[in-house]
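Colleague: Take a look at the following structure, please.
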Amino acid sequence: MDCFTRLEALIDAGSADAVQEARALLKHLVAGSRAAFDAADEFLIELMTLAFLVEAGLEAFHNPARRLARLRLSRLKLLLA
């Protein structure tokens with residue numbers, strides 16, 4: 001399973017553990033590129049927001065938060081491609 005597939009799975013999980021794992025995966029990907037670092041940071045913020053919404057039980061916001069996280073991940077993929 002490649003890194004981006006794993007990150008997609010972490011978006012589906014939406015837990016605090018997912019944030020820590022995503023941070024570890026991204027650490028190796030974005031080394032050396034300021035634009036990629038910024039995109040990874042934005043992705044992590046969206047993933048943390050999703051984790052908060054899941055833990056708070058605010059189900060109405062889960063899908064929009066997942067969509068935003070996937071958009072940020074797509075941007076990161078484009079920068080690293």
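Colleague: Restrict the check to region 23-35 and report whether at least one residue is outside any loop (DSSP other than H, G, I, E, B), crowded, with 16+ Cβ neighbours inside 10 Å and small (G, A, S).
Modeller: no
Colleague: Do we find that E42 is in a helix (DSSP H, G or I) and either under 17 Å from F4 (Cβ atoms) or in contact (Cβ under 8 Å) with a residue 60 or more places away in the chain (or both) in this structure?
Modeller: Numbers: in a helix (DSSP H, G or I): yes; either under 17 Å from F4 (Cβ atoms) or in contact (Cβ under 8 Å) with a residue 60 or more places away in the chain (or both): yes.
Here the answer is yes, as E42 does meet what is asked.
Colleague: Moving to a separate point now. Taking region 1-15, which residues are over 14 Å from R66 (Cα atoms) and not β-branched (V, I, T)? Full working, then the answer.
Modeller: The first filter runs over region 1-15 and keeps only residues over 14 Å from R66 (Cα atoms), leaving 1-6.
Those that are over 14 Å from R66 (Cα atoms) and not β-branched (V, I, T): M1, D2, C3, F4, R6.
All of the numbers you see were taken from the coordinates with simple rules; none came from a lab. Remember, predicted model here, so these are calculated numbers, not experimental data. Here Cβ is always computed from backbone atoms with ideal geometry, including for glycine, and neighbour counts include all displayed protein chains.
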